[in-house]
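Here is the structure we will look at.
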Amino acid sequence: MTKLVRMLTAAAAAAFSHAATVYASEAPTARAWLILQQGLTSKRAANRANAAHAMRLLVHNPRAQEMVERALTDPDPKVRAAAARALGPMRAESSVPKLKGLLSEREPFVVLGAAHSLFLLGHREEVYEIDYQVLAGERKSADGFVESQMSELRDPKAVAEMGLETGIGFMPFGGEAYEVFKRIRKDDRTPVRVAAAKELAADRDPKIDAALAKACSDKKWPVRAAAVYAIAKRDNPSLLNVITPAMDDGNEIVRFEAAAAVLRLSRVETGA
C-alpha cells in the first residue's frame, strides 16, 4: 500500500509539474490576446487604433487577421486606417477584397492605409493610381478624395494625429499625438535611437539581443516600443522573457507592441 501511495504521489507530482510548465508557457499568450482584445474594444478610438497597429507583427495568424478585419468597419477613421495598414505586414492575402473596398473611402488616410497593404500583398495596379492621384493633388472619382481632403496629406498636424509610421518610428493615435510629435521633433536623440533599434532587428549579432533587452527599459517610451518591435522581428523565442514584462508597461502603445511580440515569438517557439 505504501508503495502504491508513493507511486500515485510521484505520478501526481509529475502531472502537476507538466501542467505547471504548460500553464507557464500559455499564460503569457492568453494575457497577450486579452490585452489586444481589450485594446480593440476600448471606448477610446486611440486605443483601438494602437492595438490594431500593433497586430501588424502577427504574420499568417488567422485569429489576429479576423480581429483586425473587424476593425476595418470601426466608426473612427483612425482605427480603420490602422487596421488597413496592418493587414499588409500580416500577409493577410484573403483580406485583399476588403482592402480594395476601402479604396473608395472619402477618408484619405484610410485609402492610403489600404493602398499600402495592397502594395505589400502584390496588388499594385490600383495603388499606382492612388499614388498618381496623391502626387497630382486630385482624384477624378466622385467617390474618393476631394481637394480639401487631399490637403490633409500636406498638413503635419493631420499626419501626426492620424498616427502614421514615420522615419523616426511609430506616431501614436489620439488627440495628444501632435504634441508628442512636436516633442520628439525637438528631441535630438530619441528619433535616432528609435530608428537604430528598428534597424538592429535584422542584425543577428548576439550582442544586439543584449542592447535591445536593455532598451526595453529605456526612459523614453518610443525607444521601448521600438526595442520590443525589433525583438519581435528577430524571431528569437529565447527573448520571450525579455518582452513579456513589457506587457505591464505604463504606456499602452508599448503594452500592445509587447502583447503582439509575445504572440509572435510564442508561435516561433512552438513551430506554428
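The values are calculated or read from the model by the stated rules, or taken from the named source; none is laboratory data. What you are looking at is a predicted structure, and each value in this text was computed from that prediction instead of being measured. Glycine also receives a Cβ, built like all others from the backbone with ideal geometry; neighbour counts cover every protein chain displayed. The accessibility values were calculated without ligands, DNA or RNA, using every heavy atom of the protein model including side chains. Shrake-Rupley method; radii C 1.70, N 1.55, O 1.52, S 1.80 Å.
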**Message:** I'd like to check something: does the range 192-207 contain any residue that is modelled with pLDDT of 90 or more, within 22 Å of Pro89 (Cβ to Cβ) and in a loop (DSSP other than H, G, I, E, B)?
**Reply:** no
**Item:** Hits in the range 210-244 (condition: without any contact (Cβ under 8 Å) to a residue 60 or more places away in the chain, touching a Lys or Arg at 6+ places or on another chain (Cβ under 9 Å) and buried (at least 19 other Cβ atoms within 10 Å of the Cβ))
**Value:** Leu212, Ala215, Cys216, Pro222, Val223, Ala226, Ala227, Ala230, Arg234
**Message:** Please go through (1) modelled with pLDDT of 95 or more; (2) open to solvent by less than 10 Å² (accessible area, probe 1.4 Å) for Pro97 and return the number of the only condition it doesn't satisfy.
**Reply:** (2)
**Item:** Condition met for Lys233 (among the charged types (D, E, K, R) and either outside any helix (DSSP H, G or I) or at positive phi (or both))
**Value:** no
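Every residue, every condition in (1) touching a Ser or Thr at 6+ places or on another chain (Cβ under 9 Å); (2) closer than 16 Å to Leu112 by Cα; (3) open to solvent by less than 10 Å² (accessible area, probe 1.4 Å), yes or no:
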position: Ala54; (1), (2), (3): no, no, yes
position: Glu66; (1), (2), (3): no, no, no
position: Leu72; (1), (2), (3): yes, yes, no
position: Pro75; (1), (2), (3): no, no, no
position: Lys78; (1), (2), (3): no, yes, no
position: Leu87; (1), (2), (3): yes, yes, yes
**Prompt:** Restricting attention to the range 249-266, which residues are farther than 13 Å from Trp33 by Cα and open to solvent by 20 Å² or more (accessible area, probe 1.4 Å)?
**Reply:** Asp249, Gly250, Asn251, Glu252
